[in-house]
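First the structure, in the form of structure tokens, and then the observations on it.
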Amino acid sequence: MSEPGRLTLILNGKASGNARVRDAIAAVRDAGHRLDVKMTEGPGDAERFAGETVRDCVEGDTIIAGGGDGTLNAVVRGALEADSKPPCSFALLPLGTANDFARNAGIPLDPLGALEVAIGTTARAIDVGLVDIDGDAPRWFVNMLTAGFGPRVTSEADPQLKERLGGAAYLLSALGRIGEVTPWRGRVTGPDFSWTGSFAALAAGNGRRAGGGVELCPLALLDDGALDVTIIEAPDGDVLAGLISSLPMAVGLEPDSVIRARAERFEIETDEPVPVSLDGERLEARRVRLSMEPKAIRFHLP
């Protein structure tokens, strides 16, 4: 185990009233560790705090993202934009609805358990994805980019339902909206890979899970230098058939309508704009270029 230097927790303001988080912070401080907390109040705060912290950090310091996958994305993005080779390490205190990255990595959902991982483990190098959406400035992502049906479901799920049911709310939202969605036609290309057709959903993962815990990229590894792409085809343009045929993925089976590929870079083009989710952030795109930055940051994992 490593002895940490300064710990900086960038905490999503929505967790300000969470008693378990306050108790965990107090326990860490009582154990003699220096833990500074920066609470976000609005959009852009997490990126700004991460940038400020990484400019002042040294080897042995740790930045902890306190929130969901979106908060983790914002913290890592802000840090890497400030310093492409940050000397500090990173950790996660998972407080989101689905906590897909944490579940994939085995990070405890209990606040004190998660902070103990940040304190008591040696950080290891992991990859971070880089994406160019419709020619805009490249953006970093830690877990996964999804396109098609999934991003629409996650963005439109009832907030109160998400608070009560967590990731299961996405499944209920999906069941209620399947009939409203038409498929998207597109092309996915990469080194020694080319696919053209209609799809219900598409994912490019550094991590394995998205959308409330579904293993869209079950073979993805955080440190293999590659992206895993999963395409759920929509047979004969039928998005409903594509989604139903993909249900066996939930129990670890491989349906015929699922196409998989792995490479260090991919390009996705669609005939019409398609909903996109980047670590939970809702966007829209017609052309997406993805690449992997191997071992870009050091992360505390169980």
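Each value in this text was obtained by applying a stated rule to the coordinates, not by laboratory testing. What you see is a predicted model, and the numbers here were worked out from it, not measured in a lab. So basically every Cβ, Gly included, is an ideal-geometry build from the backbone, and we count neighbours across all protein chains shown.
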Can you give the FRET efficiency to the nearest 0.05 for Glu264 and Glu52, using r as the Cβ-Cβ distance and R₀ = 45 Å? 0.90
Could you tell me which of Val117, Val76, Ala65 has its Cα farthest along the dipole of segment 1-137 towards the positive end, charges placed at Cβ (Lys, Arg +1; Asp, Glu -1), taken about the Cα centre? Val117
Let me check I have the definition right: for segment 28-87, take the eigenvalues of the Cα gyration tensor, multiply each by 5, take square roots. What are those semi-axes in whole Å, largest first? 19, 16, 9
Using a Förster radius of 30 Å, what is the FRET efficiency between Ser16 and Lys295 based on their Cβ-Cβ separation? Nearest 0.05, please. 0.30
Along each of the three principal axes of the Cα atoms of segment 3-149, give the extent in whole Å, ordering the values from largest to smallest. 49, 34, 29
State the extension gain, in nm to one decimal, for the chain segment bounded by Asp223 and Asp192, taking 0.36 nm per residue of separation less the distance between their alpha-carbons. 9.0 nm
Per the 1/(1 + (r/R0)^6) rule, R0 = 22 Å and r from the Cβ atoms of Arg286 and Ala82, FRET efficiency to 0.05 is 0.15
